[in-house]
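Structure first, then comments.
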Amino acid sequence: MNKFGARGTARLGLGLTTALLASTALASAPAFAQQAAASTDGGVQEVVVTASKREENIQKVPMSIQALDSRKLDQLNVNEFQDYIKFLPSVAFQTLGPNQTSIYMRGVSSGDNANHSGPLPSVGVYLDEQPITTIGGTLDIHVYDIARVEVLPGPQGTLYGASSEAGTLRIITNKPTTAGFSAGYDLEGNTIDHGSGGYVAEGFVNIPLTSNAAIRLVGWDEHDGGYIDNVAGTRTFNTSGTTINNAALVKKDLNTAETIGGRAALKIDLNQNWTIEPTLIAQEQRNKGVFGFEPSVGDLQAQRFQPDNDRDKWVQAAMTVTGKIGKYDLTYSGGYFVRDVYQNSDYTDYSVAYDAAYGSGHYWRDANGNPLSAPLQEIHGKDHFSKFSHEARIASPATDRFRFIGGLFYERQTHWIIQDYEIQGFSPTLAVPGFPNTIWLTDQQRIDRDDAAFAEVSYDITKHLTITAGVRGYEYSNYLKGFYGFSENYDALTGFGSGMGDTGQNCQAGKSFRNAPCVNLSKPATGSGETHKINLTYKFDDQRLVYFTYSTGYRPGGVNRSGDFGSYQSDKLTNYEIGFKTSWFDRKVVFNGAFYDEDWNNFQFSFLGPNSLTIIENAPQANIKGVETSIEWRATQALTFTGGAAYNDAQLAKNFCGTDQNTGLLIPSCANADAIAVKGAQLPYTPKIKTNLTARYTFQLANWDGHVQGSVIYQDRNFVGLRTADVQELGTMPGYASADFSVGATKDGLSLELFVKNAFDERGQVNRYTPCTVSICSASYNNVSPTIQPAVYVIPIQPMTIGVKVGQKF
């Protein structure tokens, strides 16, 4: 049976053509020297990182860094975000599926729902030198021809800004080189247990154009099979008594994902001192279905009544210029990023719940004024993101006793948001003007701007002791303008008053925004301040150091759409950290770790308020105490162990009692029974323990270099919400362990690999959610029938996946 289908087969052919381009006319090219698994002296291979915005051996950098280099990414069969994130113990995440993911580090999480009008992310994501963080979710960048993935947990204090409050994730691509021609391709076929098949085709070519210029071209085409079945089900609307079914949409393995993209990078050495590197990267991803199942329906099964799909396409153009003036290194990095997301979502569960809770079906009328018999809601979303960023910095030689790095940073990002909630056949007189069938509309523009100047200096007090101090001054300006809500006629009919108002009184005179019926939202938020860093490092010798770091980070404040809630303030993270970097037994063992105590003050907390409108308030304080470690042990020339672990005790430091709506200030104290969340509550999406261990054994197999590898990943239970009500309603995500195995061989640049991911088909949970607010779901479904429970969806890790991969490098 062809699991790919006709369209998939055509795309596979296109992908193979892209990948095999690298091998055209290369039969006589010299064999590619495969990267060794260890240094030439038999120790653990050194990894060079740029976390401190200088190229340095990771063991020499006095800060906690978790890095997966190209060798490790290949060994772990990494293609996408969830493939590598499980091997980064300090990183947690919340997701609804591909391209809908929020990242957290060291437990700094309040369970943000990634709403378009919610807080900015607390973790910054960089592609090479350019920030690509967006409020709509982390980009699910296909991982191929990547030099490394770097994780910098904790506030960076100086070198990274607004969205790096809790840490930074950096994806570093391989750069063009004039050293010589090289090329390669990889082809993969896989199948998912309980699901369908998939494939990956990818290739690269590096071509020296002249003695001082080279170009690198990369392409990929990936099809991920589905494993969530849309099964037959019914829903009954309380007002009309109508029962609907989804027979027309029943389908197995609905949640497929297709990703295609490419990268072109050019390097030109203008002379011995100056180099320019323009890069263009683009990717498009198309997803179908939902990536969660309903446990009440069945394992890996859901009941959806309208199509769910999304299309996410983005392009980034970047330019990096490096050079020298005298002994000083200068770097300019600029980028323009644009992203468009189109999404259609079934909102039937919400419609049924709202009708049962409030009798809303009486107001969902047709053109003749009669209640609709089956008022199913669906959401049509359009998001347009753009981002300009510029950074210029100067650095003195890293070998100077007194050395510094300083620079200027500017970023402006915009987000045009359309969320169109439609009921087919909805009365034209009740619909939002200019938007047929629309009961609720969000049409608004968000602008976030960040300006900063930073400086960091280091001084070697002795040959063993170094002190580093840094400061980053910033200003931010955020603005939200547009329309959200119901039409004037619908407000008058229902008395909700959430939109134009029942007499249009919410509209602001003389203002307009695109095609929106009026402007009822126009709010700015501004602020300024400083973040700091102090580091004291003691080097025992070239192989061992210890350090102490004090650093701070921040996240800008912003505005609430609802007029009933004031602006929310910036929050601040303060970090106290003691760490060590050590190598032992001629670098046969590398063992690093850090102990930290972090205070998260006035932190931003988002939740669904009236009409499921996202509201942001400042919660009082949370504290995180933790430790993170990593080890690599080359036990013999053939056997290597690699592992990492993190422990985070992240909890609320006092009762969260909400905000006084008259003053906009936190209510200072309340009884546990009145608290939104109680002191000691574990912060959401934060397993106390997350760990992984990989063993790899190499051997000779005839004339091939063979290997077998096994990995075990474990994480403790965690929660999906901070509010007590959320935890009670949605429950906890149990701890789980999963295992990956692979066996393969290489010879003269040719590689063969057989792998299995999640070998024991564990149903590890990474998210739980419900499409409507807790109180509405509970009350409404129980009003319909005591036997019907709220629709709770569980996002699982991907079921057992078996694949075979062949590749070649020239």
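The values are calculated or read from the model by the stated rules, or taken from the named source; none is laboratory data. Since the model is a prediction, treat every value here as computed from it, not as a measurement. Glycine gets a Cβ as well: all are built from the backbone with ideal geometry, and neighbour counts include every protein chain shown. The accessibility values were calculated without ligands, DNA or RNA, using every heavy atom of the protein model including side chains. Shrake-Rupley method; radii C 1.70, N 1.55, O 1.52, S 1.80 Å.
Which ones in region 111-139 are in a strand (DSSP E or B) and within 22 Å of ALA646 (Cβ to Cβ)?
VAL123, GLY124, VAL125, TYR126
GLY721 fails exactly one of the following numbered conditions: (1) in contact with a Lys or Arg (Cβ under 8 Å, 6 or more places away or on another chain); (2) modelled with pLDDT under 90; (3) of a type outside the set (A, V, I, L, M, F, W, C). What is the number of that condition?
Looking at each condition in turn, GLY721 falls short on (1).
What's the number of the only condition in (1) open to solvent by 60 Å² or more (accessible area, probe 1.4 Å); (2) of a type in the set (D, E, K, R); (3) in contact (Cβ under 8 Å) with a residue 12 or more places away in the chain that ASP542 fails to meet?
So the condition that ASP542 fails would be (3).
Does GLN306 satisfy being farther than 20 Å from GLU258 by Cβ and touching a helix residue (DSSP H, G or I) at 6+ places or on another chain (Cβ under 8 Å)?
Here the answer is yes, as GLN306 does meet what is asked.
Please specify each residue of region 724-739 satisfying the condition of being in contact with a Lys or Arg (Cβ under 6 Å, 6 or more places away or on another chain) and open to solvent by 20 Å² or more (accessible area, probe 1.4 Å).
Those that are in contact with a Lys or Arg (Cβ under 6 Å, 6 or more places away or on another chain) and open to solvent by 20 Å² or more (accessible area, probe 1.4 Å): THR732, PRO734, GLY735.
For region 266-278, which positions are at pLDDT below 95 and outside any loop (DSSP other than H, G, I, E, B)?
none
Of THR438, THR429, which residue is touching a helix residue (DSSP H, G or I) at 6+ places or on another chain (Cβ under 8 Å), among the β-branched types (Val, Ile, Thr) and farther than 30 Å from PRO556 by Cβ?
THR429
Within region 470-503, restricting attention to residues that are over 30 Å from the mean Cα position of the chain (by Cα) and of a type in the set (A, V, I, L, M), which residue is nearest to LEU120 (Cα to Cα)?
Looking at the filtered set, the residue picked out is MET500.
Please find, within region 204-218, the residue that is most open to solvent (accessible area, probe 1.4 Å) out of those that are touching a residue at least 40 places away in the same chain (Cβ under 8 Å) and in a strand (DSSP E or B).
Selected residue: LEU217.
Checking the condition assigned to a loop (DSSP other than H, G, I, E, B) and either acidic (Asp, Glu) or more than 18 Å from VAL720 (Cα to Cα) (or both), which residue from VAL108, VAL143, VAL149 passes?
VAL143
One line per residue, one yes/no per condition, for (1) in a strand (DSSP E or B); (2) open to solvent by less than 20 Å² (accessible area, probe 1.4 Å); (3) aliphatic (A, V, I, L, M):
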residue	(1), (2), (3)
ILE260	yes, no, yes
ALA264	yes, no, yes
LEU280	yes, no, yes
ASP299	no, no, no
ARG311	yes, no, no
GLN316	yes, yes, no
ASN344	yes, no, no
ASP349	no, yes, no
VAL352	no, yes, yes
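Of all residues in region 190-201, how many are under 10 Å from HIS223 (Cβ atoms) and open to solvent by 10 Å² or more (accessible area, probe 1.4 Å)?
Summing the residues that are under 10 Å from HIS223 (Cβ atoms) and open to solvent by 10 Å² or more (accessible area, probe 1.4 Å) in region 190-201 gives 2.
For residues that are among the charged types (D, E, K, R) and without any contact (Cβ under 8 Å) to a residue 60 or more places away in the chain, scanning just region 406-422, find the one that is nearest to TYR484 (Cα to Cα).
Across region 406-422, the extreme among qualifying residues is ASP420.
Kindly list, by first and then second residue, each pair from a residue in region 453-468 that is farther than 23 Å from TYR160 by Cα and in contact (Cβ under 8 Å) with a residue 12 or more places away in the chain to a residue that is open to solvent by 20 Å² or more (accessible area, probe 1.4 Å) and not aromatic (Phe, Trp, Tyr), limited to pairs with Cβ atoms under 7 Å and residues at least 6 apart or on different chains.
Once the first residue is farther than 23 Å from TYR160 by Cα and in contact (Cβ under 8 Å) with a residue 12 or more places away in the chain and sits in region 453-468, its partners that are open to solvent by 20 Å² or more (accessible area, probe 1.4 Å) and not aromatic (Phe, Trp, Tyr) give ASP460/ARG401; HIS464/LYS539.
Taking region 548-597 only, how many residues are open to solvent by 10 Å² or more (accessible area, probe 1.4 Å), among the basic types (Lys, Arg) and outside any loop (DSSP other than H, G, I, E, B)?
Residues meeting the conditions: 1.
Is region 631-640 home to any residue that is under 28 Å from the mean Cα position of the chain (by Cα), at pLDDT 95 or above and assigned to a strand (DSSP E or B)?
yes
Among the residues that make up region 101-113, is at least one of them surrounded by fewer than 23 Cβ atoms within 10 Å (Cβ to Cβ), free of Cβ contacts under 8 Å to residues at least 12 places away in the same chain and more than 18 Å from ASN287 (Cα to Cα)?
Looking through region 101-113, none of the residues is surrounded by fewer than 23 Cβ atoms within 10 Å (Cβ to Cβ), free of Cβ contacts under 8 Å to residues at least 12 places away in the same chain and more than 18 Å from ASN287 (Cα to Cα).
What residue, of ILE244, ILE276, is open to solvent by less than 30 Å² (accessible area, probe 1.4 Å) and either among the aliphatic types (A, V, I, L, M) or closer than 30 Å to THR331 by Cβ (or both)?
Of the residues listed, the single one that is open to solvent by less than 30 Å² (accessible area, probe 1.4 Å) and either among the aliphatic types (A, V, I, L, M) or closer than 30 Å to THR331 by Cβ (or both) is ILE244.
Hey, can you tell me all the residues within region 632-652 that are surrounded by fewer than 17 Cβ atoms within 10 Å (Cβ to Cβ) and more than 13 Å from ASP597 (Cα to Cα)?
ALA635, THR636, GLN637, ALA638, LEU639, PHE641
Can you tell me how many residues in region 338-366 are polar (S, T, N, Q) and over 24 Å from ALA492 (Cα atoms)?
So the count comes out to 4.
Return only the number of the condition from (1) closer than 24 Å to SER109 by Cβ; (2) of a type outside the set (Phe, Trp, Tyr); (3) open to solvent by 40 Å² or more (accessible area, probe 1.4 Å) that THR698 does not satisfy.
Failed condition: (1).
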